[in-house]
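Chemist: To start, I am sharing the structure in question, which I have written as structure tokens.
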Amino acid sequence: MLVRTRCSSGLRIRHRTGCGQIRHLRKRQEDGGAITQIRLFRCDDASWSNRPGVIKIKPSVTKASLTSAFRRAIEGNASIAFSIRSSAFDSMDSLHPEEAILLGPSVSMDRRESFSQGRLAAAQAMRELGIENPLPVLRGKDREPLWPDGVLGSITHCGPWSVAVVAKRTPFGALGVDLEDVRRFREDISAQVCTDSELGWIARSRKRLFRAARIFSAKEAVFKALYPLCHCYFEFKDVNLRWSQTARAFRAELRRELASTLVRGMRFNVRSVCCGEFVISFFAQRQQHKLVPGA
């Protein structure tokens, strides 16, 4: 029997093993080890790399703890719904035909799983919002999700997890979410992501990697929220973040104009919540509370 183990660091190892070793790997995971997935293959199966049989085991953070963390992140926004799915827990249900066609024959199994779980999470979140028969979430020219009319949403993927957050387009005008595993983050990219003031905030902590990951994640959430409004790419350093301990959120400020409605100096809050080794970022802006420069 061949086994491929996927670790929390993203490393994949292939080797021969027996049932006793598989039980040992399971025990390591149950005891809080780094292994997040085991895939088994027959040694004489030439197509083992394309058609694995999957033994699913618990990832390094539980679904219940992530759910609790996301509830804290969106606290105070009762009209927002979310859904969390994991390739380690949830079966691969059928996609809407218009979503399934977006997955071509050359798409890898990992990408296929991630995309499918994200779209299934989106459908479940829309049902939680009261939409009985949600329409498909298609894909734009820049591969961004295209939400049904009247719906605003954001999808994030990290390891085995896929999360969708949705709201009705009225009263919300911007919505973005991101999930990052700190163990996969490299501090050496901070200089490419962070402004000088953000680098100073990171340097003042003994948990520099955590702070760097929180900044990266918050800016990812901002991009997901603002891109549908400006339809242009902008750099990480075009947004400056300042941590507010009292608000338990980042105070974000645009450093360049993105559109006539997204001008330089515009400020808004981005919530940041930690859950074990994961960082959650969430940004939502209501239409009646317009993004005003210096607000």
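The values are calculated or read from the model by the stated rules, or taken from the named source; none is laboratory data. All values reported here derive from a predicted model rather than from experimental measurement. With ideal geometry, Cβ positions are generated from the backbone for all residues, glycine too; neighbour counts draw on all protein chains shown.
Chemist: Does segment 74-87 contain any residue that is touching a Cys at 6+ places or on another chain (Cβ under 9 Å), at pLDDT 95 or above and crowded, with 18+ Cβ neighbours inside 10 Å? Let's see the steps before the verdict.
Modeler: In the first step, residues of segment 74-87 are kept if they are touching a Cys at 6+ places or on another chain (Cβ under 9 Å); the result is none.
Among the residues of segment 74-87, not one is touching a Cys at 6+ places or on another chain (Cβ under 9 Å), at pLDDT 95 or above and crowded, with 18+ Cβ neighbours inside 10 Å, which makes the answer no.
Chemist: Take segment 101-142 and flag every residue that is touching a His at 6+ places or on another chain (Cβ under 7 Å) and without any contact (Cβ under 8 Å) to a residue 40 or more places away in the chain. Quick ask: steps written out before the conclusion?
Modeler: Going residue by residue through segment 101-142, those that are touching a His at 6+ places or on another chain (Cβ under 7 Å) are 114, 118, 136.
Residues satisfying the conditions do not exist here.
Chemist: Would you mind telling me which numbered condition in (1) at pLDDT 95 or above; (2) part of a loop (DSSP other than H, G, I, E, B) residue 223 fails?
Modeler: Evaluating residue 223 over (1) at pLDDT 95 or above; (2) part of a loop (DSSP other than H, G, I, E, B) leaves (2) as the failure.
Chemist: Okay, moving on. If you go through segment 149-163 one residue at a time, how many are more than 17 Å from the chain's Cα centre (by Cα) and outside any loop (DSSP other than H, G, I, E, B)?
Modeler: Our first condition is that a residue be more than 17 Å from the chain's Cα centre (by Cα); within segment 149-163, this holds for 149-151.
Retained after the next criterion (residues that are outside any loop (DSSP other than H, G, I, E, B)): 151.
Adding up the residues that qualify gives 1.
Chemist: Residues of segment 136-146 being under 19 Å from residue 232 (Cβ atoms) and either touching a Gly at 6+ places or on another chain (Cβ under 9 Å) or hydrophobic (A, V, I, L, M, F, W, C) (or both), which ones?
Modeler: Keep residues of segment 136-146 that are under 19 Å from residue 232 (Cβ atoms), which gives 139-146.
Across segment 136-146, the qualifying residues are 145, 146.
Chemist: Please enumerate the residues belonging to segment 167-203 that are in a loop (DSSP other than H, G, I, E, B) and closer than 25 Å to residue 230 by Cα.
Modeler: Residues of segment 167-203 in a loop (DSSP other than H, G, I, E, B): 169-171, 185-186, 194-195.
Correct list: 169, 170, 171, 194, 195.
Chemist: Suppose we keep only residues that are without any contact (Cβ under 8 Å) to a residue 12 or more places away in the chain and either surrounded by 14 or more Cβ atoms within 10 Å (Cβ to Cβ) or of a type outside the set (Gly, Ala, Ser) (or both) within segment 234-265. Which one would you say is nearest to residue 146 (Cα to Cα)?
Modeler: Out of the qualifying residues, it is 235.
Chemist: Please work out which residue is surrounded by the fewest Cβ atoms within 10 Å (Cβ to Cβ), limiting yourself to segment 203-217 and to residues that are among the aliphatic types (A, V, I, L, M) and within 15 Å of residue 180 (Cα to Cα). Give the derivation first.
Modeler: Quick first cut of segment 203-217, residues among the aliphatic types (A, V, I, L, M) only: 203, 209, 212-213, 215.
Pick out the ones that are also within 15 Å of residue 180 (Cα to Cα) and you get 209, 212-213, 215.
Working: 209: 15, 212: 26, 213: 28, 215: 28.
Step by step, filter segment 203-217, then rank; the result is 209.
Chemist: Is it the case that some residue within segment 133-148 is assigned by TED's automatic domain parsing to the domain that holds residue 280, of a type in the set (Lys, Arg), within 23 Å of residue 213 (Cα to Cα) and not in a loop (DSSP other than H, G, I, E, B)?
Modeler: To start, the set of residues in segment 133-148 that are assigned by TED's automatic domain parsing to the domain that holds residue 280 comprises 133-148.
Add one more test, that the residue is of a type in the set (Lys, Arg), and what stays is 139, 141, 143.
If we keep only those that are within 23 Å of residue 213 (Cα to Cα) as well, we get none.
Checking segment 133-148: not a single residue is assigned by TED's automatic domain parsing to the domain that holds residue 280, of a type in the set (Lys, Arg), within 23 Å of residue 213 (Cα to Cα) and not in a loop (DSSP other than H, G, I, E, B).
Chemist: Something else about it: State all residues of segment 88-112 that are small (Gly, Ala, Ser), over 25 Å from residue 276 (Cβ atoms) and surrounded by fewer than 12 Cβ atoms within 10 Å (Cβ to Cβ); if no residue qualifies, say none.
Modeler: Across segment 88-112, the qualifying residues are 94, 104, 106, 108.
Chemist: Could you please find all residues in segment 130-164 being closer than 26 Å to residue 66 by Cβ, of a type in the set (Gly, Ala, Ser) and out of contact with any helix residue (DSSP H, G or I) (no Cβ under 9 Å at 6 or more places or on another chain)?
Modeler: If the condition is that a residue be closer than 26 Å to residue 66 by Cβ, of a type in the set (Gly, Ala, Ser) and out of contact with any helix residue (DSSP H, G or I) (no Cβ under 9 Å at 6 or more places or on another chain), then 130 is the only one that fits.
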